[in-house]
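The values are calculated or read from the model by the stated rules, or taken from the named source; none is laboratory data. Computed from a predicted model, the values in this text were never measured in an experiment. Don't worry about glycine lacking a Cβ; one is built from the backbone with ideal geometry, like all the others, and counts go over all protein chains shown. Note: areas computed on protein heavy atoms with side chains; ligands, DNA, RNA excluded. Shrake-Rupley method; radii C 1.70, N 1.55, O 1.52, S 1.80 Å.
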Amino acid sequence: MHCPECGFINSEGANYCQKCGAFLGDVAPETDDTTAAWQLDETGDIKPVDPETVTEEGTLVIRAGGGRAGETFQFTGDQMRIGRSPDAEVFLDDVTVSRNHALLVRRRDGLYIDDLGSLNGTYVNRRRIESHKLTDGDELQIGKYKLTYLS
């Protein structure tokens, strides 16, 4: 699909232009907003997760990208790294994601996501951010991955 701002040809399903960062929502085809959530158990098998039973710590759910829609990451502790590095707690294996892309961090007044100087940026609710306090239902875009935060 072509970017309406710069004309760059982006992959289907992209929310933002890879060249200029413009929002492609008006160009992108309609998608289903329903996501089935799942986690890998101790044996490596997929087990379904009921979104109503997420912990009060917070959960990230991949909604699109990399064929991993529905995968969940529960936030526990004080921080959780997001990136292309295999050591990251939220490992997103794609060149559009920096090795150390973003950080979920607990502060006194809530849970925040901080961009760690990534090349393609971190977006929350279609706006590029450096730091943002997360609220239930926030949509994150990290590279080609779209995630939803559930509190």
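Does the stretch 133-150 contain at least one residue that is open to solvent by 50 Å² or more (accessible area, probe 1.4 Å) and hydroxyl-bearing (Ser, Thr, Tyr)?
yes
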Those residues of the stretch 87-116 that are at positive phi and among the β-branched types (Val, Ile, Thr) come to a total of 0
When you go through Gly21, Gly13, Gly25 one by one, which is the residue that is assigned to a loop (DSSP other than H, G, I, E, B), farther than 19 Å from Arg127 by Cβ and modelled with pLDDT of 60 or more?
Gly13
Being within 13 Å of the chain's Cα centre (by Cα) and farther than 26 Å from Ser11 by Cα is the filter here; which residues of the stretch 115-151 pass it?
Leu134, Leu150
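Being open to solvent by less than 30 Å² (accessible area, probe 1.4 Å), in contact with a strand residue (DSSP E or B) (Cβ under 6 Å, 6 or more places away or on another chain) and not hydroxyl-bearing (Ser, Thr, Tyr) is the filter here; which residues of the stretch 104-128 pass it?
If the condition is that a residue be open to solvent by less than 30 Å² (accessible area, probe 1.4 Å), in contact with a strand residue (DSSP E or B) (Cβ under 6 Å, 6 or more places away or on another chain) and not hydroxyl-bearing (Ser, Thr, Tyr), then Leu104, Val105, Gly110, Ile113, Asp114, Gly121, Val124 are the ones that fit.
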Looking at the stretch 80-103, which of its residues are open to solvent by less than 70 Å² (accessible area, probe 1.4 Å), touching a Phe, Trp or Tyr at 6+ places or on another chain (Cβ under 8 Å) and not hydroxyl-bearing (Ser, Thr, Tyr)?
Met80, Gly83, Arg84, Val90, Leu92, Asp94, Val97
Contact list, first residue from the stretch 1-18 and without any contact (Cβ under 8 Å) to a residue 24 or more places away in the chain, second anywhere and outside any loop (DSSP other than H, G, I, E, B), beta-carbon distance below 6 Å, six or more apart or interchain, is Ile9/His2
Gly77 - would you say it is touching an Asp or Glu at 6+ places or on another chain (Cβ under 9 Å), closer than 25 Å to Gly13 by Cα, modelled with pLDDT of 80 or more and surrounded by fewer than 16 Cβ atoms within 10 Å (Cβ to Cβ)?
no
